[in-house]
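Enquirer: Provided herewith is a single structure, encoded as structure tokens, for subsequent inquiry.
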Amino acid sequence: MFRADASVGQGSGHVMRCLTLAEALAARGDEVIFVGAIDGVGWLTEYVAAAGYRVIDAEPNRLDEAAVLSLAPDWVVVDSYVIPADAINGLARSVPVLAIVDGDARGIEASLYLDQNLGAAPIADHASQSLAGSPFALIRDAVLAARRDEPWTVSGVPRLTAFMGGTDPSGAIVGVARQLALVDAEFDIVIVCPDVHRAAVEQALGSSATILAPTPELPTILAHSDIVVSAAGTSAWDICALGVPSLLVGVVDNQSAGLASAVRERLALGVDLVAGGTVADIAPAVSLLLADGALRERLSRASSEAFDGLGKHRVVGAMLATLGE
């Protein structure tokens, strides 16, 4: 059973990570139950419904222990920054719990911890229960199916796709669009953004860009790109797995550590808007990616090697081992 929420303010990453792990469990023939609240993210609601799992609505950011136990789950996967640690800990005394975290476990006492971020360290005092780093990154089957043999190569006019998250509550895509308008090079632009930001993006780029709403088909869009500009959140590891040369942009503080690791290990270029970077750094970085084919190849090879796409299967293996299977 999975417990996660999504909303315009919270974003879609918690639910998407759960759905990716659910793919591996469903492929084994396990029953998947998704319990959560999705508010105002229509494309994600449709995606969950299309997955065919049993879906149970829940009050946002709350864990109802009695309701969960009534489903008799073998495992409960919880992915939330907000559900109280005490509620998760109470449940974990009755059923195995996998807590998906981003650096800070918030005092959660779980059977297993998953921090899929590049460079992640085991949870303090729970090293033996920690699944940490890119080997455990949850990469969707759709991403793996879309990988190209030489994603750094450009045939004709380069195509750049910019995507700043499934809900982009801060409107970061608008600043990105304004920077792309300053790049003095020929390239096609695809912007994936919520409708609320569409007018501002159109104003920045005029008719030169193709603007799309967030969609479950994002892996295909990204795979057909020569360069990607993306927020350094959950989708960043999909982009690395695709091997498409990228500029990752940190827009919230919990992205900083993973972004720093990606830049340090030369998997991507990076601009951290939380830790000293500025929007004005974006245009020069994009210009460099467009001009330097050797750089694109180095980034592509390194990122795809770091994210082999088998993380969700490794996580399932750890879950089974915990149960003694």
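The values are calculated or read from the model by the stated rules, or taken from the named source; none is laboratory data. All values reported here derive from a predicted model rather than from experimental measurement. When we count neighbours, we look across all protein chains shown, and the Cβ atoms used for this are built from the backbone with ideal geometry, even at glycine. Quick note on the areas: whole protein, heavy atoms, side chains included, nothing else; ligands and nucleic acids left out. Shrake-Rupley method; radii C 1.70, N 1.55, O 1.52, S 1.80 Å.
Enquirer: Among the residues of segment 282-298, which ones are over 19 Å from W237 (Cβ atoms) and open to solvent by 70 Å² or more (accessible area, probe 1.4 Å)?
Expert: Within segment 282-298, P284, L288, A291 meet the criteria.
Enquirer: Additional query: Find the residue count for segment 68-85, including only residues that are open to solvent by 70 Å² or more (accessible area, probe 1.4 Å), closer than 19 Å to V101 by Cβ and aliphatic (A, V, I, L, M).
Expert: Residues that pass the stated criteria total 1.
Enquirer: Same structure again: Scan segment 269-281 residue by residue and report those that are among the charged types (D, E, K, R) and open to solvent by 60 Å² or more (accessible area, probe 1.4 Å).
Expert: Result: D281, single match.
Enquirer: Could you tell me whether segment 52-67 includes any residue that is surrounded by 15 or more Cβ atoms within 10 Å (Cβ to Cβ), in a helix (DSSP H, G or I) and out of contact with any Ser or Thr (no Cβ under 7 Å at 6 or more places or on another chain)?
Expert: Yes, that holds for at least one residue.
Enquirer: Could you please find all residues in segment 240-258 being touching a helix residue (DSSP H, G or I) at 6+ places or on another chain (Cβ under 9 Å) and in contact (Cβ under 8 Å) with a residue 40 or more places away in the chain?
Expert: Across segment 240-258, the qualifying residues are C240, A241, L242, G243, V244, P245, S246, L247, V249, V251, G258.
Enquirer: Pairs please, first residue from segment 293-322 and more than 26 Å from L98 (Cβ to Cβ), second anywhere and open to solvent by 60 Å² or more (accessible area, probe 1.4 Å) and of a type in the set (K, R), Cβ atoms under 6 Å, 6+ apart in sequence or on different chains.
Expert: A302/R266
Enquirer: List the pairs whose first member sits in segment 264-290 and is more than 16 Å from A177 (Cβ to Cβ) and in a helix (DSSP H, G or I), whose second member is modelled with pLDDT of 95 or more and among the acidic types (D, E), and whose Cβ atoms are under 7 Å apart, counting only residues at least 6 apart or on separate chains?
Expert: Here the result reads none, with nothing in segment 264-290 linked to a residue that is modelled with pLDDT of 95 or more and among the acidic types (D, E).
Enquirer: Looking at segment 8-18, is at least one residue part of a strand (DSSP E or B) and open to solvent by less than 20 Å² (accessible area, probe 1.4 Å)?
Expert: For segment 8-18, residues part of a strand (DSSP E or B) and open to solvent by less than 20 Å² (accessible area, probe 1.4 Å): present.
So that you can scan it fast, the table gives a plain yes or no per residue for (1) of a type in the set (S, T, Y); (2) under 15 Å from A162 (Cβ atoms):
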{"residue": "E186", "(1), (2)": "no, no"}
{"residue": "I191", "(1), (2)": "no, yes"}
{"residue": "V229", "(1), (2)": "no, yes"}
{"residue": "A232", "(1), (2)": "no, yes"}
{"residue": "V244", "(1), (2)": "no, yes"}
{"residue": "N254", "(1), (2)": "no, no"}
{"residue": "S261", "(1), (2)": "yes, no"}
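Enquirer: Please work out which residue is farthest from A137 (Cα to Cα), limiting yourself to segment 217-247 and to residues that are polar (S, T, N, Q) and assigned to a helix (DSSP H, G or I). Spell out how you get there, then give the answer.
Expert: Of all residues in segment 217-247, those polar (S, T, N, Q) come to 220, 225, 230, 234-235, 246.
Next, only the ones that are assigned to a helix (DSSP H, G or I) stay: 220, 234-235.
Working: T220: 19, T234: 9, S235: 11 Å.
Looking at residues that are polar (S, T, N, Q) and assigned to a helix (DSSP H, G or I), I get T220.
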